[in-house]
Amino acid sequence: MVKNMNQLSNPERRDARNFDAPMRQSEYTAIVYGGGQPDAPRRMNRLVERCYPEKSPYNIYFGEMHGHTDLSDAKPDIDSYFLTARDTAKLDFCAISDHDHGGVHSTELWDERKWKLTRDAVRRYYDPGKFTTILAYERDSYPWYNNLVIYFNSHDAVIPRPSIPGEITKDELLWFLKQENLLVVPHTTSFLESGCDFTKIPPECMTPLIEIYSRWGTDEYFGNPNPVRIACRGGYFHDALARGAHMGVICGSDDHEGTPGIIRNQATHINLEYRWPGLTAVLCRENTLEDIFDALKKRRCYGFMGGRIYIDFRVNGHFMGEEFTLPENAEREIYFDVKADAPIKRISVVRGCVDILHFDGLPTTPEKYRYMFVDYTGEGDTDSYYLRVELADGRFAWTSPVFVSPGEA
């Protein structure tokens, strides 16, 4: 339990309501009915603020998780790509994820020369504490996911060759998901030509993360305001959560133009409508490959559309991506602290794929919002809570969920 929230003391509150606010503390009410004390507003604010958890032990690092070079089907060479990400976009980390087919007019990425160029560049630009590079590639993986981005926790890895180029068997997929040194993330999951169908994929084949947004569009739920061009039911984040997947979120641009992490004046990629890059934020202590990879594996991350958005989201003190148990009637204490580089339009709290509360931006502090509330009732065997942030300029951010299951605390 977060300190001091248990001072919500009315014995009938759980019978009367599903949600509660920290201002319903008995001490707060005593000040309100205290006869006009001159320091009442300050004392009231302090009572609310003392409910907030201690400062996060993690730093927030920002990166580009998905982009291509002229080693497959994109414009930039690999050096230009890393230099743009580091020096122009000012990112903390960056992954190179060229296609395994190497482009239709060239050799496959597992060609010895191509993969050596990739690994050499990833090693060359890695500067621990300042700029972290991640070795990755995008694998065609029909029929299960069509497009999977595979990330390695080292710079020395070799591409596992597919048994059938362009395809993946269930056994191969399960092998990838079991490897501690690999991270598997599907891309444009609702897109007919490159997506998947979570309503058919068995739980053991669910990935730990989903790329919820790229420059192609958003894969949160069917009917979202930024869809991909040909969108199919079944391929959304909500479809996976509804099947019981414990899945976190990242964003990646799928950049082909040499603009990783950069907001464009206009979209230029074929069939592309969105100029915002897809960026990923990780919560970890050090800007190193080890720490960033570990945070991603543990889903301690969130995704957003361009610029900079800082989010701290917790349930009963547990950070995004974490799983924990609570007794059946225990209170869930939801806390968020959001800071953005543009005015906040709305913050929505999503439980079990349903928006349960929203908080509209305040004109007095348009780029910051901090709050905490209590949820008295859960919905299912396991409840997932995540935050959706909408900015006034049309950008969105999504946190990885916190998962709450019934059991002993």
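Figures for the structure shown
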read-out: Lys/Arg +1, Asp/Glu -1 at C-beta; the chain dipole; positive extreme among Pro165, Leu177, Val104; value: Leu177
read-out: Kirkwood Rh (inverse of mean 1/r, distinct Cα pairs), the range 33-180, angstrom; value: 18.2
read-out: Rounded FRET efficiency, nearest 0.05, which uses the C-beta distance separating Trp175 from Lys368 and R0 of 45 Å; value: 0.50
read-out: Radius of gyration and Dmax over the Cα atoms of the chain, both given in Å; value: 22.3, 80
read-out: Whole-number accessible area per residue in Å² for the range 181-222, which is evaluated in the context of all protein chains at 1.4 Å; value: 27
read-out: Shape metrics for the range 269-359, restricted to C-alpha atoms - Rg then Dmax, Å; value: 15.7, 52
read-out: The range 247-345, accessible area per residue, ligands and nucleic acids excluded (1.4 Å, Å²); value: 33
read-out: In sequence order, calculated HN-Hα J values of the range 292-302 (Karplus, 6.51, -1.76, 1.60; Hz; x Gly/Pro); value: 5, 5, 4, 4, 5, 4, 8, 6, 7, 7, 8
read-out: Pairs from Lys55/Lys298; Lys297/Lys345; Lys297/Lys368 whose Cα-Cα separation, in the structure shown, is over 27 Å; value: Lys297/Lys345; Lys297/Lys368
read-out: Separation of the Tyr33 and Tyr142 label points, Cα + 7 Å toward Cβ, nm; value: 7.0
read-out: Principal axis dimensions, largest first and in whole angstrom, of the range 1-89 by Cα; value: 71, 35, 20
read-out: Pairwise FRET efficiency - Arg233 versus Ser26, Cβ, R0 = 51 Å, nearest 0.05; value: 0.60
read-out: Near-label residues of the range 291-311 by backbone N, under 18 Å of a point 7 Å along Cα→Cβ of Arg346; value: 305
read-out: Most fluctuating residue given options Arg314, Arg332, Arg215, as computed from a GNM of the chain linking Cα atoms under 10 Å; value: Arg332
read-out: Helix-only [θ]222 nm of the chain, DSSP H runs n ≥ 4, -39500 (n - 2.57) each, per residue, nearest 500; value: -4500 deg cm²/dmol
read-out: Angle between the chain longest axis and helix 40-49 axis [Cα atoms, degrees, rounded to 10]; value: 40
read-out: Carbon/sulfur fraction of accessible area - the chain, other protein chains in place, 1.4 Å, %; value: 48
read-out: Between the range 331-354 and the range 32-110, the Cα center-to-center distance that results, in Å; value: 17
read-out: Fluctuation leader among Ile31, Ile96, Ile309 - the chain, Gaussian network, Cα springs under 10 angstrom; value: Ile31
read-out: Exposed GluC sites (Glu not before Pro) absent - longest run of the chain, DSSP non-H/G/I/E/B, at most 11 other C-beta within 10 Å; value: 181-327
read-out: Inverse of mean 1/r across different Cα pairs in the range 195-337, Kirkwood, Å; value: 16.7
read-out: Phe19 paired with Glu112, simple spin-label distance in nm, labels 7 Å along Cα-to-beta-carbon; value: 6.2
read-out: Label-point separation, Asp87 to Glu54 (7 Å along Cα→Cβ), nm; value: 4.2
read-out: Asp140, Asp20, ranked by accessible area, largest first (probe 1.4 Å); value: Asp140, Asp20
read-out: Positive minus negative residues near Gly36 (Lys, Arg vs Asp, Glu; Cβ under 15 Å); value: +1
read-out: Accessible surface, per residue, of the range 1-159 when the full set of protein chains is kept, probe 1.4 Å, Å²; value: 50
read-out: Net dipole in debye of the range 7-57 [+1 Lys, Arg Cβ; -1 Asp, Glu Cβ; about Cα centre; nearest 20]; value: 100
read-out: Share of pairwise Cα separations in the range 126-196, more than 17 Å, in percent; value: 45
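The values are calculated or read from the model by the stated rules, or taken from the named source; none is laboratory data. None of these values were measured; they are calculated from a predicted model. So basically every Cβ, Gly included, is an ideal-geometry build from the backbone, and we count neighbours across all protein chains shown. Keep in mind that these areas ignore ligands, DNA and RNA; they rest on the heavy atoms of the full protein, side chains included. Shrake-Rupley method; radii C 1.70, N 1.55, O 1.52, S 1.80 Å.
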